[in-house]
Amino acid sequence: MTSIKVKFRRSSGPDGDGCIYYQLIHDRKVRRIMTQFRIRESECLSGLRRQIGHDVDMLSRIISGFDMRQSDFEVDDVVAEYGRLKDRCSLTAHMQHLIESALGAGRVRMSEIYRSTLRSFLAFTGGEDMMIYALDSSVVERYEAYLQGRGNTPNTISFYMRVLRSVYNRAVDDGAASQTRPFRHVYTGIGKTVKRALPIEVIRQIKELRLERPQACYARDMFMLSFYLRGMSFIDMAFLRKDDLHDGRLRYRRRKTGQLLEIEWTNEMQEIVSRYPVNENGYLLPILTGRRGDERSAYRNVLARINRHLKLMMPVAGLGFPVTLYCARHSWASAALLKGVPVSVISRGMGHDSERTTHIYLSSLDSSVVDRANRLIIESL
């Protein structure tokens with residue numbers, strides 16, 4: 001049997017603040033856990049009740065965990081486990097732990113997602129850290145309103161909320177917080193995205209645009225190369241190695257899923273690559289051409305420049321919506337579908353884990369396409 005008591009130790013001075021501490025007794029051994037709470041003896045504890053209650057609840061769950069494992073434990077084991085969890089009770093500390101764990105597992109993209117979410121939340125709090133157990137529904141709803149006020153789209157807001165919710169749930173699983181479902185009143189769904197697929201006529205127009213600035217030509221070349229490569233994602237393009245190309249076949253693994261894909265290397269692809277100097281860094285394409293170092297950061301900078309120039313040339317193509325390099329991926333999927341390629345083949349060509357993902361890419365097809373197909377069917381009767 002282990003007992004937990006909240007105690008107050010008076011100050012040695014006449015006007016000093018006293019200290020709140022927790023007393024643990026197990027197998028007749030007594031240990032004290034000092035807190036940061038300092039109050040006068042005459043003051044009320046109401047302002048600290050929630051924080052003290054969380055600490056006592058954490059200690060109770062630690063003790064219950066030892067009991068459930070039916071293992072012999074010492075009171076010092078409880079104190080050590082409490083210290084470990086307490087060190088990760090702040091949102092920043094807990095997310096830094098998740099960032100380091102993701103990096104250690106080679107999940108660089110996941111670490112970046114955690115880091116950007118933490119940066120966004122700290123911007124909301126004015127840079128002040130927060131204990132995870134203080135993350136209640138009112139805080140989460142104010143964060144949602146903050147993101148809306150900054151002009152973020154519903155899907156972007158949902159993205160931050162879902163990441164933060166997963167972080168919170170991990171903290172609950174680790175015993176650093178109690179489950180109070182603080183995200184139940186905010187939007188965490190995924191809405192239909194803006195149409196990103198370009199008609200094949202527009203792709204042809206982009207290919208034939210007369211461009212003078214080298215940066216614009218480079219942006220157009222990378223867009224077309226992504227389209228030729230079955231809508232290959234830019235990060236996969238950036239990290240293609242020269243030895244990935246053998247006997248007219250390009251073989252590579254998707255960085256997102258690890259799936260092995262193979263593409264026929266065509267004259268159109270080679271024509272684009274031949275316009276640029278050989279990459280001395282061992283990469284196949286002219287993307288990561290600078291000094292070796294933080295290549296992910298370099299890749300993001302190149303991507304930002306390409307998208308900036310694509311947006312500048314789109315009015316020339318008569319488009320009224322912003323276009324990014326990612327549109328090449330959607331456009332290839334839609335063009336393949338319109339050519340009668342089965343969704344299962346499109347899914348395999350894009351390296352999707354399931355056809356469900358492919359259908360998300362194809363969901364933005366203009367309804368007139370389906371109308372024309374239906375008209376052909378009716379007229380054939």
Looking at 33, 63, 4, which is the one that is touching a Phe, Trp or Tyr at 6+ places or on another chain (Cβ under 7 Å), among the hydrophobic types (A, V, I, L, M, F, W, C), open to solvent by less than 30 Å² (accessible area, probe 1.4 Å) and modelled with pLDDT of 75 or more? 33
Residues being in a loop (DSSP other than H, G, I, E, B), at pLDDT 60 or above and small (Gly, Ala, Ser) - total across the range 326-373: 3
Any residue in the range 288-313 that is within 16 Å of residue 325 (Cβ to Cβ) and at pLDDT 80 or above sitting within a Cβ distance under 6 Å of a residue that is open to solvent by 60 Å² or more (accessible area, probe 1.4 Å) and part of a helix (DSSP H, G or I)? List the pairs, counting only those 6 or more apart or interchain. 309/215
Within the range 230-242, can one find any residue that is under 30 Å from residue 162 (Cα atoms) and free of Cβ contacts under 8 Å to residues at least 12 places away in the same chain? no
Within the range 124-141, which residues are in a helix (DSSP H, G or I) and surrounded by 13 or more Cβ atoms within 10 Å (Cβ to Cβ)? 124, 125, 132, 133, 134, 137, 139, 140, 141
Filter the range 200-217 for residues that are closer than 12 Å to residue 227 by Cα and open to solvent by less than 80 Å² (accessible area, probe 1.4 Å) and give the result. 200, 203, 206
Quickly run through the range 256-275 and pick out the residues that are closer than 22 Å to residue 108 by Cα and exposed (fewer than 11 other Cβ atoms within 10 Å of the Cβ). 258, 260
Condition first: at pLDDT 75 or above and open to solvent by less than 60 Å² (accessible area, probe 1.4 Å). Now tell me which residues in the range 40-57 satisfy that. 52, 53, 55, 56, 57
Residues (part of a loop (DSSP other than H, G, I, E, B) and within 16 Å of residue 330 (Cα to Cα)) located in the range 227-245: 229, 230, 231, 232, 233
How many residues, within the range 255-269, are part of a loop (DSSP other than H, G, I, E, B) and either at pLDDT 80 or above or touching a strand residue (DSSP E or B) at 6+ places or on another chain (Cβ under 7 Å) (or both)? 5
It is to be established whether one or more residues within the range 299-315 are under 26 Å from residue 106 (Cα atoms), outside any loop (DSSP other than H, G, I, E, B) and in contact with a Leu (Cβ under 7 Å, 6 or more places away or on another chain). yes
Can you name every residue in the range 226-255 that is among the acidic types (Asp, Glu) and open to solvent by 80 Å² or more (accessible area, probe 1.4 Å)? 243, 247
Going by the structure shown, is residue 278 part of a loop (DSSP other than H, G, I, E, B), modelled with pLDDT of 90 or more and open to solvent by 40 Å² or more (accessible area, probe 1.4 Å)? yes
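For every residue, the table says whether it meets (1) of a type in the set (Val, Ile, Thr); (2) surrounded by 17 or more Cβ atoms within 10 Å (Cβ to Cβ); (3) touching a Leu at 6+ places or on another chain (Cβ under 9 Å); (4) part of a helix (DSSP H, G or I).
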site: 85; (1), (2), (3), (4): no, yes, no, yes
site: 95; (1), (2), (3), (4): no, yes, yes, yes
site: 100; (1), (2), (3), (4): no, no, no, yes
site: 113; (1), (2), (3), (4): yes, yes, no, yes
Of the residues 178, 166, which single one is among the small types (Gly, Ala, Ser), open to solvent by 20 Å² or more (accessible area, probe 1.4 Å), under 23 Å from the mean Cα position of the chain (by Cα) and closer than 21 Å to residue 92 by Cβ? 166
Within the range 72-83, how many residues turn out to be surrounded by fewer than 16 Cβ atoms within 10 Å (Cβ to Cβ) and either at pLDDT 85 or above or within 32 Å of the chain's Cα centre (by Cα) (or both)? 5
For residues that are within 16 Å of residue 288 (Cβ to Cβ) and either modelled with pLDDT of 95 or more or not hydrophobic (A, V, I, L, M, F, W, C) (or both), tally how many sit in the range 226-236. 3
Going by the conditions given, is residue 222 open to solvent by less than 50 Å² (accessible area, probe 1.4 Å), within 18 Å of residue 289 (Cα to Cα), out of contact with any Gly (no Cβ under 8 Å at 6 or more places or on another chain) and in a helix (DSSP H, G or I)? yes
From the list 160, 146, 168, which residue is in a helix (DSSP H, G or I), without any contact (Cβ under 8 Å) to a residue 24 or more places away in the chain, of a type in the set (Phe, Trp, Tyr) and farther than 29 Å from residue 240 by Cα? 146
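The values are calculated or read from the model by the stated rules, or taken from the named source; none is laboratory data. Just so it is clear, the model here is predicted, and its values are computed rather than measured. All Cβ positions, even for glycine, are placed from backbone atoms using ideal geometry, and neighbour counts span all protein chains on display. Note: accessible area is taken over every heavy atom of the protein model, side chains too, but ligands, DNA and RNA are not part of it. Shrake-Rupley method; radii C 1.70, N 1.55, O 1.52, S 1.80 Å.
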